[in-house]
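**Q** Next up is a structure, given as structure tokens.
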Amino acid sequence: MLDVSSPVPASLPPPLGYIAAVRLTQLLRKLAAVAGLLLCSAPSSFSADTLIWHTNQNRVSADIESLPLSRVLEAIAHATGWQVYVEPNTTHTVSARFADLPTGEALRLLLGRLSYAVLPQTNGPSRLYVFQSSMRNASRQVQPANLDGNRPGMHARIRNELVVTLRPGARIEDIARLLGAKITGRIDSLNTYRLEFKDEEAARKARAWLEEHPDVEAIDFNFTVETPPPIQPLGGDFTPAFTLKPKDPDGNCPIVVGLIDGPVGSLSKELDPFLLPPISVAGESPQPAELTHGPAMAETILRSVQASTPTGSSSVRLLPVDVYGPNGTTSTFQVAEGIYRAVNAGANVINLSLGSPGDSPILRQLIQTAAQQGVVFFSAAGNEPVTTPVYPAAYPEVIAVTAADRNGQIASYANRGAFVDIMTPGTSIVPFNGQSYLVNGTSTATAYASGIAAALADSNRRCPPEVVPTMRAHLPVPPR
């Protein structure tokens, strides 16, 4: 674990971390007044609650005693397949009991005083917008879940895959041929490989065989990491100007932030000079036509650097590493490969605005080794108000970041487990194609934290591990 008791270097002004946080909080307060930011209440569940949605008949039955709006919207998204968006901080307690009602009447009883609109899409599922003020403010996408909070298919172990590490000299091609497996990923310098089998039973038998093989050093499961949801526009342009200028590094420790995320592409003429040539471990992707998670996190990191830099220039550089490509999900193997490629390319701050409940020993070992070499990791704690560990944030070598609301309290949607280390703002306003987008979550908080660390290290000509004690001293810690 990073040493939290290390003394603050004499040349590193302690107030900088605090100033950065204050600037970000002040900015959020101003933006909140424009965007009407509020947060959903924490979900709870009761075993007796039911919601039955017959989509082919457009009839709905419900028996809900008392549930927060967030949980009911998750259930609607799960039952209907709709994309559901809600205006941030829209709160409502749902209490409804009815049987076999048309969809419109059912929504009115479920949503009470709130406004809503269902918009069919020609090339995709319908969209449900739930809001208090206007439909355009319904910007936060709701993730599908049952009423009990379970999310089928998300963050699941990939049942027909294994991740295998071999001893030096062994050939994965020979082993794959014997097992009838396909090699779908490889980190040759670590002797670590991703194997795909025809089904779960074949993978189970292969694991038993591999456990007895003398050339096998380690076997791991591979876990999915879901793609972050689309980001909705606010309407209008509320984004402050980006005025930071790039400069050449003038110390012995150039600061490079490795952004392990989706494809980034071009940002703007002001931000692009801070971008290094991207790396992809999951196939090439076209320039996004809409604002996606990767560009949103890149923009948030660089704006955090600007807010945390006492001068008008910075030598911080951002290295985009695409671990999603054109695919709907990524995996812990690809995240590990992305980290490995980033560190080898010079990244000494790693931003992981992603997570999974899957505990991957190979990913943990890679992070542990990189941390020993002076790489600092920030990772998202997760966007559910639970205490369940999320990985890689829960690894002791990683600084786990949760989200603060505009009042400086832990956001209602954010994980507050004992593994969480620090709390930064969970909201960012990001421009794209002439309009602003509202980005919420612990992903955003993580991007802020990475930017603060990079700016502190760069401004004080320090390596990233040296500024971690200052960050811990001045950024708030969530309640346990």
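The values are calculated or read from the model by the stated rules, or taken from the named source; none is laboratory data. None of the values given here were measured: they were computed from a predicted structure. Heads up, the Cβs are rebuilt from the backbone with ideal geometry, glycines too, and the neighbour counts pull from every protein chain shown.
**Q** Checking F333 against (1) at pLDDT 95 or above; (2) surrounded by fewer than 21 Cβ atoms within 10 Å (Cβ to Cβ); (3) more than 22 Å from V256 (Cβ to Cβ), which test does it fail?
**A** The one condition F333 does not meet is (2).
**Q** Run down A298, A218 and say which single residue is of a type in the set (A, V, I, L, M, F, W, C), touching a residue at least 24 places away in the same chain (Cβ under 8 Å) and within 24 Å of P88 (Cβ to Cβ). Steps first, answer last, please.
**A** Numbers: A218 fails: within 24 Å of P88 (Cβ to Cβ).
Result: A298 is the single residue among A298, A218 that is of a type in the set (A, V, I, L, M, F, W, C), touching a residue at least 24 places away in the same chain (Cβ under 8 Å) and within 24 Å of P88 (Cβ to Cβ).
**Q** Taking only the range 186-232 into account, find how many residues are aromatic (F, W, Y), closer than 21 Å to S356 by Cα and assigned to a loop (DSSP other than H, G, I, E, B).
**A** Of the residues in that region, 1 qualify.
To keep it simple, each residue is scored yes or no on (1) in a helix (DSSP H, G or I); (2) farther than 22 Å from Q141 by Cα; (3) touching a Cys at 6+ places or on another chain (Cβ under 8 Å).
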residue: I64; (1), (2), (3): no, yes, no
residue: R71; (1), (2), (3): yes, no, no
residue: Y85; (1), (2), (3): no, no, no
residue: P88; (1), (2), (3): no, no, yes
residue: V94; (1), (2), (3): no, no, no
residue: L101; (1), (2), (3): no, yes, no
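**Q** Report, by residue number, each residue of the range 459-480 that is charged (D, E, K, R), assigned to a helix (DSSP H, G or I) and under 19 Å from Q373 (Cβ atoms).
**A** Correct list: E466 only.
**Q** Return a yes/no flag: does the range 233-240 have any residue that is outside any strand (DSSP E or B) and at pLDDT 90 or above. So that I can check it myself, show each step before the final result.
**A** So in the range 233-240, the residues outside any strand (DSSP E or B) come out as 234-240.
Okay, now just the ones that are also at pLDDT 90 or above, so none.
For the range 233-240, residues outside any strand (DSSP E or B) and at pLDDT 90 or above: absent.
**Q** Condition first: free of Cβ contacts under 8 Å to residues at least 40 places away in the same chain and under 21 Å from Y340 (Cα atoms). Now tell me which residues in the range 172-188 satisfy that.
**A** Scanning the range 172-188 gives I172, I183, T184, R186, D188.
**Q** Quick check on the range 135-147: of everything there that is touching a residue at least 24 places away in the same chain (Cβ under 8 Å) and farther than 15 Å from R71 by Cα, which residue is nearest to the chain's Cα centre (by Cα)?
**A** Filtering first and then ranking leaves S139.
**Q** What residue, of A394, A403, is in the same structural domain as Q372 (by TED's automatic domain parsing), out of contact with any helix residue (DSSP H, G or I) (no Cβ under 6 Å at 6 or more places or on another chain) and within 24 Å of S356 (Cα to Cα)?
**A** The unique qualifying residue is A394.
**Q** Given I399, I422, which one is touching an Asp or Glu at 6+ places or on another chain (Cβ under 7 Å) and farther than 18 Å from N89 by Cβ? Before you say what the answer is, go through the steps one by one.
**A** Working: I422 fails: touching an Asp or Glu at 6+ places or on another chain (Cβ under 7 Å).
Going through I399, I422 in turn, just one is touching an Asp or Glu at 6+ places or on another chain (Cβ under 7 Å) and farther than 18 Å from N89 by Cβ: I399.
**Q** Now for a separate question. Looking at the range 328-364 only, could you name the residues that are assigned to a loop (DSSP other than H, G, I, E, B) and without any contact (Cβ under 8 Å) to a residue 60 or more places away in the chain?
**A** Across the range 328-364, the qualifying residue is only D359.
**Q** Given the criteria over 27 Å from the mean Cα position of the chain (by Cα) and closer than 15 Å to D63 by Cα, does L109 qualify? Break it down into steps so the answer makes sense when it comes.
**A** Working: over 27 Å from the mean Cα position of the chain (by Cα): yes; closer than 15 Å to D63 by Cα: yes.
Judged against the criteria, L109 is a match.
**Q** Another question about this same structure. From the set of residues in the range 278-308 that are within 21 Å of S450 (Cα to Cα) and among the charged types (D, E, K, R), which is surrounded by the fewest Cβ atoms within 10 Å (Cβ to Cβ)?
**A** Here the answer is R303.
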